[in-house]
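First up is the structure itself, then whatever we jot down about it.
The values are calculated or read from the model by the stated rules, or taken from the named source; none is laboratory data. Note that the structure is a prediction, hence the values are computed from the model and not measured. Because the Cβ atoms are built from the backbone with ideal geometry, glycine has one as well, and the counts that use them run over all protein chains shown.
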Amino acid sequence: MHSPAPANRPIALVVRGLSKRFDRPAVDALDLTIYGGEFYALVGPNGAGKTTTLRMVAGLLRPDAGSITIAGIDALSRPVDAKQITAWLSDEPMIYDKLTPFEYLEFVAGLWRIDAAAAEVRARELIGWLGLEPHAHERCEGFSRGMRQKVALAGALVHDPKLIILDEPLTGLDAGSARLVKNVLLERVRAGGTVIMTTHILEVAERMADRIGVIASGRLIAEGTLAELHRKTGKTVISLEDTFLTLVAEPVAHPAAAE
Amino acid sequence: MSRPDTLAWFAGHEFRLGWRDWVALMTAGRRSRARTVAVALILFAAFMHVFAYWIVARYADADLASDTATLVGITGTLVLSWSLLLSQAMESVTRAFYARSDLDLILSSPVSARKVFAVRMGRIAGAAVMIAVLLAAPFINVLAFEGGMHWFGAYAVILAMGATATAIAVALTVALFRTIGAKRTRFVAQIVAAVIGAAFVIGLQIGAIQYYGTLSRFALLESDTMVALAPGIDSIVWWPARAMLGDGLALAATISVGLLALATSIAAFSPRFADHAIAASGVSVGVTRQVRWSQRFRKLSPRRALRAKEFTLLRRDPWLLSQSLMQMLYLLPPALMLWHSFGEGSGPLVLMVPILVMASGQLSGGLAWLAISGEDAPDLVATAPVAAGEIIRAKVEAVMTCIAVVFVPFVLAIALTSMICAVVAAAGIVIAAASATQIQLWFRAQARRSQFRRRHTASRIATFAEAFSSITWAATAALAAAGSSVAVVTGLAGLGILAGTRLLRPPGR
């Protein structure tokens with residue numbers, strides 16, 4: 001991984017001047033550009049605005065200001081078109097306890113208007129990849145967290161999205177499940193899909209991401225490949241953790257940080 | 001402060017949790033509302049006392065114990081109330097076994113599970129008594145004020161009723177646990193609780209329909225036949241009724257029996273509490289294989305997918321079904337009456353129309369909450385490429401389809417006797433359902449389906465608006481079916497309630 005983003009790549013996501021305020025600014029005039037076929041990791045301390053940013057991109061929150069363009073589609077004025085090529089997966093897998101994984105995927109395929117036959121082939125593939133075959137026709141109510149996250153991931157992929165937005169997808173997963181999820185995501189990127197993911201596990205960002213964005217107090221304070229981030233700190237550091245701690249420790253020159 | 005691991009210490013802990021739970025229930029979790037809620041409760045209590053005065057003040061001085069007919073009436077009312085207490089206690093006991101909350105902490109600690117269960121049984125009895133006392137207090141206070149202090153004995157009778165109801169609820173639930181296992185008990189106990197709660201009143205109504213052609217539950221209790229079949233005036237069957245009327249000996253006996261039953265139940269069943277709770281905890285990790293007629297994906301549009309999902313979730317959730325069953329059970333007497341009065345003209349049907357309309361409003365409110373607010377995967381639905389209006393339409397269609405499935409047979413049966421009544425009933429059912437659904441749309445909030453029981457706490461306005469709307473449309477339908485022009489007035493009142501509710505809806509809805 002860690003290939004620099006060539007200028008001739010199609011642009012998957014453009015965010016300009018994105019702002020959201022709750023009782024204080026959560027996201028503050030954020031700019032972001034992510035290229036097609038790129039794995040982008042968004043890291044930052046707790047409360048930095050990572051999840052708020054991704055929820056706005058996924059259409060779950062209305063921004064106070066700014067624009068979001070997904071594969072050339074204005075996501076704020078044409079949300080349905082933007083959602084058609086997007087998938088969202090949060091850290092808390094939200095699935096229906098009384099449906100089976102097979103039925104859940106059928107439901108998702110219906111929501112995304114996917115041809116039933118094609119969706120079924122894709123669903124069976126995903127169920128196989130994610131090791132859910134023995135449980136495909138069991139209700140999800142007895143599933144472990146890892147299994148639920150796999151079902152939710154299958155739901156996010158069944159409609160073959162161009163842009164996959166993930167908020168801490170590896171939280172609470174065992175090593176085997178985490179490896180499986182990571183492999184599925186890397187496979188998607190290899191196939192031309194784009195992944196943007198928040199994570200607290202810096203090692204994951206370090207190993208998987210083409211580029212890493214560091215966000216603090218609602219603003220992007222640094223962005224680039226791992227090597228570029230290392231250079232930005234001006235120190236001879238060896239891990240992303242050191243780089244991250246150095247970057248977020250520096251004061252951010254904007255009013256929100258001053259609060 | 002009492003020493004930890006004693007009954008008193010656990011009781012203090014449970015009381016604190018119970019009190020905070022109740023305050024949260026009343027204030028919907030917002031402490032700033034506490035003063036408003038307190039004022040509202042005082043005003044409500046004052047109103048209830050005035051209402052009670054209007055209803056019972058005339059009986060305060062009557063020599064009520066002198067005849068069997070009076071004892072039959074009071075005993076019937078007590079049994080009716082007791083069956084509701086038993087139903088509520090049974091549901092609470094089931095929840096005490098299955099709700100995990102703090103049980104993992106308690107059961108993994110070195111404290112005695114027997115003591116915990118003993119206190120929790122006491123709390124269940126206390127909660128049952130408290131609700132009954134709150135409902136009955138205005139009537140008892142008015143009777144005592146007008147007729148003398150002996151009426152206060154009624155409070156003790158309620159205490160005894162709550163204690164026996166809890167004792168029997170525990171025995172029944174544990175018996176279910178031991179006979180059909182932990183997995184089935186949760187479902188069966190809830191159904192049994194719903195049936196018990198409705199059975200006595202429905203039984204009285206069915207008897208009244210069969211013998212007297214009326215839906216009034218008191219027709220049977222007040223009948224000469226019932227008085228003739230009743231035991232003699234000295235029978236112990238009448239002790240609770242006599243206790244209500246101030247007979248000291250009967251009062252002492254009634255309280256003793258109640259408390260003894262509760263103490264026996266606690267002593268007999270609390271030692272096995274931990275075993276049952278652990279067995280119940282295993283239920284949630286059980287596997288349910290789902291066999292479907294087709295293992296192929298169906299061609300689904302977003303709206304059809306959403307509707308199908310709602311139907312499937314409702315069908316597969318026994319707890320929600322049991323909650324709805326309670327309302328469906330009350331449709332049994334009208335169904336029987338319909339069958340009984342077939343060919344006798346439209347007179348008896350007029351009585352049925354408001355019951356159907358009321359049931360439609362209540363059922364729609366619950367279903368609409370489940371479909372609109374009780375969405376377990378809100379992010380999935382919100383990120384789907386479907387317009388928000390289309391999602392709402394699909395969910396409303398799901399609610400209306402359920403309502404149609406339940407009520408169309410009734411309307412068709414009414415149409416065989418009176419087309420006018422059928423048209424009025426159909427219109428009333430649709431309007432009541434649409435009103436309740438609209439109110440849920442205005443006051444929708446993100447929640448999980450498992451919070452269905454607490455849906456009323458999210459918005460008091462929505463709860464009262466839904467109830468008043470259903471009542472008003474039921475009254476309108478009854479008046480219209482009877483050919484009264486006053487229906488126009490109540491219909492306008494119904495519209496007024498909706499308009500007022502719309503004004504009070506949260507911003508942006």
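Per-structure values
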read-out	value
Segments classed as helices (runs of 4 or more DSSP H), wholly inside the range B:20-124, with at least 2 members that are closer than 27 Å to B:Gly181 by Cβ, acidic (Asp, Glu) and modelled with pLDDT under 80	none
Qualifying residue in the range B:282-295 (condition: modelled with pLDDT under 85, within 28 Å of the chain's Cα centre (by Cα), under 30 Å from B:Leu380 (Cβ atoms) and within 14 Å of chain A (Cβ to nearest Cβ))	yes
Subset of the range A:73-120 that is within 16 Å of A:Ile164 (Cβ to Cβ) and not hydrophobic (A, V, I, L, M, F, W, C) - its residue that is farthest from the other protein chains (Cβ to nearest Cβ)	A:Asp91
Meets criteria (in contact with a helix residue (DSSP H, G or I) (Cβ under 6 Å, 6 or more places away or on another chain), crowded, with 19+ Cβ neighbours inside 10 Å and not basic (Lys, Arg)) for B:Ala125	yes
Residues being within 23 Å of A:Val195 (Cα to Cα) and either more than 8 Å from chain B (Cβ to nearest Cβ) or surrounded by fewer than 23 Cβ atoms within 10 Å (Cβ to Cβ) (or both) - total across the range A:122-140	10
Lone qualifier among B:Ala193, B:Ala228, B:Ala175, B:Ala241 - being modelled with pLDDT of 80 or more, hydrophobic (A, V, I, L, M, F, W, C), out of contact with any helix residue (DSSP H, G or I) (no Cβ under 8 Å at 6 or more places or on another chain) and assigned to a helix (DSSP H, G or I)	B:Ala175
Cβ-Cβ under 7 Å pairs, at least 6 apart or on other chains, the range B:420-448 side of a type in the set (Ser, Thr, Tyr), far side assigned to a helix (DSSP H, G or I)	B:Ser435/B:Gly361; B:Ser435/B:Ser469; B:Ser435/B:Trp473; B:Ser435/B:Leu498; B:Thr437/B:Ser364; B:Thr437/B:Ala368; B:Thr437/B:Val396; B:Thr437/B:Val399
Candidate set from the range B:384-424 (those that are over 30 Å from the mean Cα position of the chain (by Cα) and of a type in the set (Gly, Ala, Ser)); member that is farthest from B:Ala478 (Cα to Cα)	B:Ala384
Flag for A:Leu166 being of a type in the set (A, V, I, L, M, F, W, C), within 20 Å of A:Glu38 (Cα to Cα), under 16 Å from the mean Cα position of the chain (by Cα) and crowded, with 23+ Cβ neighbours inside 10 Å	yes
Among the residues listed as A:Thr225, A:Thr198, the single one being within 17 Å of A:Gly49 (Cβ to Cβ) and at pLDDT 85 or above	A:Thr198
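Here's the yes/no breakdown for (1) surrounded by fewer than 23 Cβ atoms within 10 Å (Cβ to Cβ); (2) more than 26 Å from A:Ser144 (Cβ to Cβ); (3) in contact with a strand residue (DSSP E or B) (Cβ under 8 Å, 6 or more places away or on another chain); (4) not charged (D, E, K, R):
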site	(1), (2), (3), (4)
A:Asn46	yes, no, no, yes
A:Leu61	yes, yes, yes, yes
A:Ser67	yes, yes, yes, yes
A:Ile73	yes, yes, no, yes
A:Leu76	yes, yes, yes, yes
A:Lys83	no, yes, no, no
